[in-house]
Amino acid sequence: MAHLTCFATSPFIDMAVNKFQKVLIANRGEISCRIIKTCTRMGIATAAVYSDIDRESLFMKAADEAICIGRSGIDTYLDQDRIIEAVRKSKACAIHPGYGLLSENPAFASRCRDEGIAFIGPSPEAIAAMGSKTAARGLCEKAGVPVIPGFAAGTLSPDELGLKASHLGYPILIKAAAGGGGIGIFLVEVPAQFSDTLQSARDKSMAVYGTSDLLIEKYMSEVRHIEFQILGDLHGNVLHCFERECSLQRRHQKLVEESPSPVMTGRLRKIMGDAAVAVARAVNYSSAGTVEFVLARDGSFYFLEMNTRLQVEHPVTEAVTGIDLVELQIRIAEGERLPLRQDELSMNGHAIECRIYAEDPDRDFNPSAGKLLVWRDADRARTDGGVESSSRITIDFDPLLAKVITHADSRHNAIRKMHSVLKNTVALGITTNIDFLARLIVHEAHIRGEITTDFFEKNPEAVARQGLAKEEAHLLAAAGVAVLYDDDERSGESGWKGEYRASQYATFRIFDELYSANFHKKDGSCFEISIQNDRYDLILAEKRPDSIRIIVNGRQQKLHYAVAGERVFLHSNILGHHALQHLSRFHSMEFQALRKGTREAPMDGKISSVRVRPGETVKKGQELIVMESMKMENIIHAGQAGTVREIYISPGDFVTMGKILIEIDTENLA
């Protein structure tokens, strides 16, 4: 039997039964909050580690104790020395690494073992074996599990690799051998792209993982991404907790997950589940893990990778099985046997998870940062989140804010429930993908279960922004008036004071259109508003610190709102989320003049490079500026042809969303 050690002097463990009394969570954000919930329910005290950037974050407030381990961003949470020191300070007995960061670092797991700290996860040997895609392929082949056709790059020259790739057949994927989570994957569609993409893949792998080892595989289109949840204990018992469908992805990043898979049969589940267990047994796996496969239309499947940690999408498995996977991770690390046999596990109903990211689907999913002014979870669903109203979302970390999970008796009802929950989840102050997810979840192809990893290539309209009808835009502008001008002091800014104010106006920018509202505020909270010659009678029936109830031409609307400077953020479960920019008369004229030729920062971030100079002629679509935000590189392109008139930033500058970066003269072309 494996032996769990701990600091001999620690008062936080019952040495007689190897039960943890205090766990340090070496992570941040929503997963830290998730782990804290289970620890609290189990009666286990928790300690968090945090960076100065996260000083006011929800996870550190939720922990029983929080220890500052640095001032920087992601590097703080990768500092093994400081984390081990925090364990000693807190007198914790075990570390839960969550996902990402150090969760799949075999050196860290080994160091914990050497230091006498229980690592709530698999052995360092299992992590190392599955951490290399090349080594994992070899283990699977020995275990009789099919793998995608491909080969390790090794020390072959680019020309030799190109020849082998041609024999494999295009298109192909070049992957970082040490990678996971969709990072470091490059698609090569034709031989002419191979050499440059190979170098890009090596550079990315070295930057992210510290090694340039690559794996080259045949690219398989029209496949599903199916993964099996694995549990193993320290006594040699291994089982699976069924599958998760994870085919809805963008850039190899999962967006929506569900269980069971819409195409899974009992026979296929048995075959794939047995294969997943065989992979886990090949490395004597203990703790929770995930074996991922691609599933072809003909029912054939191939090993993709094994994630030796808790997955982001683990709640869907918890929903259909009734198992708390974090609790089982802890109990396994304490030395307990798995409490169930494979034949005792069953699935109940259908569960779906949607990932809420701070990103802008209307701007190629560029990251969004800033202050989350209002956050409201919807009722009737599980939300695993790491944010609250007033949370600061920075460019230093992954943009995942929360996960919403619905569970129902059928897939149809789980989708309907998810749609309602997303429509009633409120996030104001930054841009998120909530409205995009609400559209995606009821897309016809998704409802039919026709989801493959190339879903968005097949259904480009699923990404397209839905425009506003004139009446909808007018309603938002009218709501903006009610939010801003209910206060008598502000009302005086644009008109006369008195019982009946005349000639008041407000101009709002919604998307790229301007809406000017002429209005009279009558007695109490009643307004007469005219927008583009359409007249509206508005009654402000109720106003709270973050919500209003208005009646417009006899129709009641409920909205959440937030105000930051000249920006008004609005949400309703009918219209979704919108940001209105309140413009003075001068600024509205300036906007009309400059809108065609300016490019604004689509998010908070750092300017990496400027690729044009003043006076230079540019083509539509030409690369102008490269920004870095939330570990992603974002390229800003010219909206149309013209001549660069002025550049307002330099490499190394930090800019906020909406800042004008460059001005292009689109009228005086030669």
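FYI, it's all coordinate maths here, none of it is from the lab. Small disclaimer: the values here were computed from a predicted structure and weren't measured. So basically every Cβ, Gly included, is an ideal-geometry build from the backbone, and we count neighbours across all protein chains shown.
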Could you tell me the calculated FRET efficiency between Q193 and R251, based on Cβ-Cβ distance and R0 = 22 angstrom, to the nearest 0.05? 0.80
Given C-alpha coordinates of region 291-369, what is the ratio Rg to Rh with the Kirkwood estimate of Rh? 1.07
Extension reserve of the K142-D75 stretch, reckoned as 0.36 nm per residue once the Cα distance is removed: 20.4 nm
If a/c stays under 1.5 just call it rounded; otherwise compare a/b with b/c (prolate if a/b is bigger, oblate if not). Do that for region 13-120, with a ≥ b ≥ c from the square roots of the Cα gyration tensor eigenvalues. oblate
Residues of region 49-82 with backbone N under 16 Å of the label point set 7 Å from the Cα of S390 along Cα→Cβ are 54-62
Take region 82-151, drop everything but the C-alpha atoms, weight them equally and run the Debye formula without solvent; then report log10 I(q)/I(0) at 0.17, 0.26, 0.28 Å⁻¹ to two decimals. -0.67, -1.12, -1.23
Could you tell me which of the pairs K254/K403; K91/K403; K61/K558 are separated by over 22 angstrom between their Cα atoms in the structure shown? K91/K403; K61/K558
Among D398, D343, what is the fewest-to-most ranking by other Cβ atoms within 10 Å? D343, D398
Whole-number value, in Å³ per residue, for the convex hull of the alpha carbons of the chain is 172
Per-residue Cβ neighbour rank within 10 angstrom, fewest leading, K619, K521: K619, K521
What shape does region 224-462 take by its C-alpha gyration tensor, where a ≥ b ≥ c are the square roots of the eigenvalues and a/c under 1.5 counts as rounded, a/b above b/c as prolate, and the rest as oblate? prolate
How large is the dipole of the chain about the Cα centre if only Lys and Arg carry +1 and Asp and Glu carry -1, each at its Cβ, rounded to the nearest 20 debye? 620
At 0.36 nm per residue, minus the direct Cα-Cα distance, what do S410 and R549 gain on full extension? Give it in nm, one decimal, please. 46.6 nm
Quick one: dipole size for region 596-665, taken about the Cα centre, charges +1 on Lys/Arg Cβ and -1 on Asp/Glu Cβ, in debye to the nearest 20. 160
If amide hydrogens are placed 1.01 Å from N in the peptide plane, which non-local residues have theirs closer than 5 Å to the one on T598? I664
Pairwise Cα inverse-distance average, inverted: Kirkwood Rh of region 149-218 (Å): 11.7
Determine the calculated [θ] at 222 nm for the chain from helices alone, applying -39500 (n - 2.57) to every DSSP H run no shorter than 4 residues and normalising by the residue count; nearest 500 deg cm²/dmol. -7500 deg cm²/dmol
Based on other C-beta atoms within 10 Å, arrange R269, R341 from fewest to most. R341, R269
